[in-house]
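Okay, so here's the structure we're looking at.
The values are calculated or read from the model by the stated rules, or taken from the named source; none is laboratory data. Treat the numbers as computed from the prediction; the structure is a model and nothing was measured. All Cβ positions, glycine included, derive from the backbone under ideal geometry; neighbour counts span all protein chains shown. These accessible areas exclude ligands, DNA and RNA; they are computed on the full protein's heavy atoms, side chains included. Shrake-Rupley method; radii C 1.70, N 1.55, O 1.52, S 1.80 Å.
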Amino acid sequence: MNHQPYSRRREFVLDRIGDGVAIIPTAPERLRNRDAHYPYRFDSYFWYLSGFPEPEAVIVLIGGKEARSILFCREKNDEREIWDGFRYGPATAAEAFGFSEGQPIGTLEEKLPELIANHGSLWHSLGHDPAWDRRIAAALNTVRADSRSGARAPGEIRDLRALLDEMRLTKDAHEIDLMRRAADIASAGHARAMHACRPGMAEHELEAELAYEFRRRGADGHAYPPIVAGGSNACILHYVANNRLLAGNSLVLIDAGCELSGYASDITRTFPVNGRFSAEQRTVYEIVLSAQQAAIAAIAPGASFLAYHEAALRVLAQGLIDLGLLSGTVDGAIESEAYKPWYMHRTGHWLGLDVHDVGDYRRGHADDEWTRLAAGMTLTVEPGLYFRPGANVPDHLHGIGVRIEDDVLVSDDGCTVYTNAPKTVAEIEEVMRHA
Ligand code: GLY
Ligand code: MN
Ligand code: MN
C-alpha cells in the first residue's frame, strides 16, 4: 500500500483547517435482506483521504501546532476474521496507511469531546447522515457542559465538503492513473460486448459480457447500474431492466463503466445489433458523433463548463434541422429550446470517485459564472438524440436512440480523451465483423 497520495491529501486538509478538527466517517454497511449485506462501498471522501477499505472507520484530523491524524477502526478479532476475513486493527492500519495514530473504533464516542475541545472550528459533512449529526451535537454538548473546567467547544462548525469537493475537482497524478486504467478496462468491456452481439440475444447477455471483462481485468465491478438498451429502450434515459431481446434491425445503446480502486469510468456506445448501420441509423449516429467532436474541441483550460454543452447543442440543432424535425435557424432552436423533445439532458458532468462527481458547476448566479475548466479536471462528453415513438418523429426514425459518451481529462493546452472503445462507424463495423 503506497499511502503517500492519501497522506498528502490529509496534509493539505490539515494545512487548510488551521487549528480546527475534521471528522470523516466511512460509509456504514447496509443490510440487503436478513443476513446478507449489499456489497460494501466505502464513503468517497473517507477513501480520498485514507485508501482504507474497511467499514466502521473514522478519520479525525486535528490541526494546529501539534497536528495529528488518527484512524479509528475495528480491532483485530479472531472469531470475526474466521468468518469475514482480515482486519488490520488500529496499530497496523495506522502504520500501513500513514496515520500518526490508530485507535479502536469503540472508543471514538467517548474520546470525541476531548478531541474537539479547545479547537476553534469543527469540520464535518453536516446533514449527510443524521446519526453523525447527533453524535457531533452530543460531543459539542458534552464539551459545553464541561465549560467550568475550562474546556471550550469549537465556535465554528464548517462544512468539510466545500473544501474536499474543491480538492477532488482537480485530479492528482495518482487519481489520473487510476482513472485511465478504469477507462481502459471499460473500453475493453464495450469492445467485447460489440464483438459478442448477435440478433436475437437478450440485453442481459451483453451486460454479462461487460461484467466478465470488468472483473477479468481486476475492476471492482460496475461503477453504476449498466444500461443495455435495445431499440427504443435507448430512449429511456435510465433504462436498467436489461431484459429484452435484441432485434437484428435495431441499435443497442450500452452505458456502462467500471470502478477501479474507487474511481469510475463512464462510457456509452450505440451500435447496430446486426453489425451494419442502416442509412437512417448511420445518419443519426453521424450527427451525434459530430456533436461529440465539436464538444471535445471546446474543452480547454479557461473555457467555461457550459461551452462544450453549447458546442454540442449547435451541431445537434443543425442535425435536427437537416432531418426536417426543426425549422428555422440554429440560434432560434437553441433560444427556444425546440430541440428538447429529442435532446433533454446536458452534455456531461464531472467524473471521479463518484460517477457524477463532486465539484461546483457554477461559481455564482450570473450567466458567465460557470466554473472555468483547468488542467486535471475530468469530465464526460455525452451528447445524444432520442427519437422515442410518439415524440413527433417520422416513422423511419422511430425508436432510434443514440448516445456517445467518453471521458476527458483537461490538459495544459486542451484535453485528452482517455476512453478508447470503438467509436466511428467504420471502427464499430470492423469489430462486429464476424469471421
Ligand atoms: N451513466 C451515467 C451517466 O452517463 O451520467
Ligand atoms: Mn454514462
Ligand atoms: Mn455520464
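Work out, step by step, the length gained on full extension between Ala131 and Ser100: first 0.36 nm times the residue separation, then minus their alpha carbon distance; give nm to one decimal. The partial results should precede the final answer.
Details: separation 31, 0.36 × 31 = 11.16 nm, distance 2.68 nm.
Roughly 8.5 nm would be gained on extension.
Given bins 10 angstrom wide, list per bin the percent of all Cα-Cα distances in region 176-265, short to long.
Bin by bin from 0 Å, the calculated values are 20, 49, 26, 5.
In whole Å, largest first, what are the principal axis extents of the Cα atoms in region 1-133?
Principal extents (Cα only, largest first): 45, 32, 26 Å.
To check my understanding: the extent here is largest minus smallest coordinate of the Cα atoms along each principal axis. What are those three numbers for region 70-179, in Å, largest first?
Dimensions of region 70-179 along the principal axes of its Cα atoms: 46, 41, 27 Å.
Translational D (Stokes-Einstein, µm²/s) of region 334-419 at 25 °C and 0.890 mPa s when Rh comes from the Kirkwood sum over C-alpha pairs? Spell out each step's value before the answer.
Numbers: Rh = 15.2 Å.
So the translational diffusion coefficient is about 162 µm²/s.
Helix 130-145 against the longest principal axis of the chain: what's the angle in degrees, Cα atoms only, rounded to the nearest 10?
Compared with the principal axis, the helix lies near 20 degrees.
Identify the trypsin sites (Lys or Arg not before Pro) of region 45-84 meeting these criteria: DSSP loop state and at most 13 other C-beta atoms within 10 Å of the C-beta. All intermediate terms of the calculation are to be shown ahead of the outcome.
Numbers: sites: Lys65, Arg68, Arg74, Lys76, Arg80; in loops: Lys65, Arg74, Lys76.
Here the trypsin sites (Lys or Arg not before Pro) that fit, given the DSSP loop and packing criteria, are Lys65.
Which FRET efficiency value, to the nearest 0.05, is calculated for His365 and Val417 with the Förster distance at 22 angstrom and r the Cβ-Cβ distance? Mind dumping the intermediate values first?
Details: r = 32 Å, r/R0 = 1.44.
Result of the calculation: an efficiency of 0.10.
Can you tell me the accessible area per residue over the chain, all protein chains present, probe 1.4 angstrom, in square angstrom? List each step's numbers first, then the result.
Numbers: 19700 Å² over 435 residues.
So the chain comes to 45 Å² accessible per residue, rounded to a whole number.
Take the alpha carbon atoms of region 49-107, find their center, do the same for region 114-183, and report the distance between the two centers in whole angstrom.
So the two Cα centres are separated by 17 Å.
In terms of the Cα gyration tensor, with a ≥ b ≥ c the square roots of its eigenvalues, is region 122-196 rounded because a/c is under 1.5, prolate because a/b exceeds b/c, or oblate?
Working: a/c = 5.40, a/b = 3.11, b/c = 1.73.
Note, shape of region 122-196 comes out prolate.
Relative to the first principal axis of the alpha-carbon coordinates of the chain, what is the inclination of helix 160-169, with its axis defined by its Cα atoms, in degrees from 0 to 90 and to the nearest 10?
It works out to around 40 degrees.
Output the 0 to 90 degree angle, nearest 10, between the alpha-carbon long axis of helix 4-16 and the longest principal axis computed from the alpha carbons of the chain.
70
From the square roots a ≥ b ≥ c of the eigenvalues of the alpha-carbon gyration tensor of region 199-251, which class results: rounded (a/c under 1.5), prolate (a/b over b/c), or oblate? All intermediate terms of the calculation are to be shown ahead of the outcome.
Values: a/c = 3.07, a/b = 1.63, b/c = 1.88.
Oblate shape, in that a/c is at least 1.5 and b/c is the bigger or equal ratio.
Give the ranking of Glu110, Glu382 by solvent-accessible surface, highest area first, calculated with a 1.4 Å probe.
In descending accessible area the options line up as Glu110, Glu382.
Starting from the 7 Å offset along Cα-to-Cβ, what nm value, one decimal, do you get for the label separation of Ala241 and Glu310?
Here the answer is 4.0 nm between the modelled labels.
For the chain, what does the equivalent ellipsoid look like in terms of its semi-axes, each the square root of 5 times an eigenvalue of the Cα gyration tensor, given largest first in whole Å? Spell out each step's value before the answer.
Details: eigenvalues 422, 133, 66 Å².
Over the Cα atoms of the chain, the semi-axes work out to 46, 26, 18 Å.
Scaled to the compact-protein estimate 2.2 N^0.38 Å, what is the alpha-carbon radius of gyration of region 261-372, rounded to two decimal places?
Values: Rg = 16.1 Å, N = 112, 2.2 N^0.38 = 13.2 Å.
Here the answer is 1.22, to two decimals.
Please go through region 353-435 and write out the GluC sites (Glu not before Pro) that DSSP classes as loop and that have at most 15 other C-beta atoms within 10 Å.
Filter output for region 353-435: Glu369.
Please list the radius of gyration and Dmax for region 201-321, considering alpha-carbon atoms only, with Å as the unit.
Expressed in Å, the Cα Rg and Dmax of region 201-321 come to 16.2, 46.
Just in region 348-385: which trypsin sites (Lys or Arg not before Pro) are loop by DSSP and have at most 14 other Cβ atoms within 10 Å?
Details: sites: Arg362, Arg363, Arg372; in loops: Arg363.
Here the trypsin sites (Lys or Arg not before Pro) that fit, given the DSSP loop and packing criteria, are Arg363.
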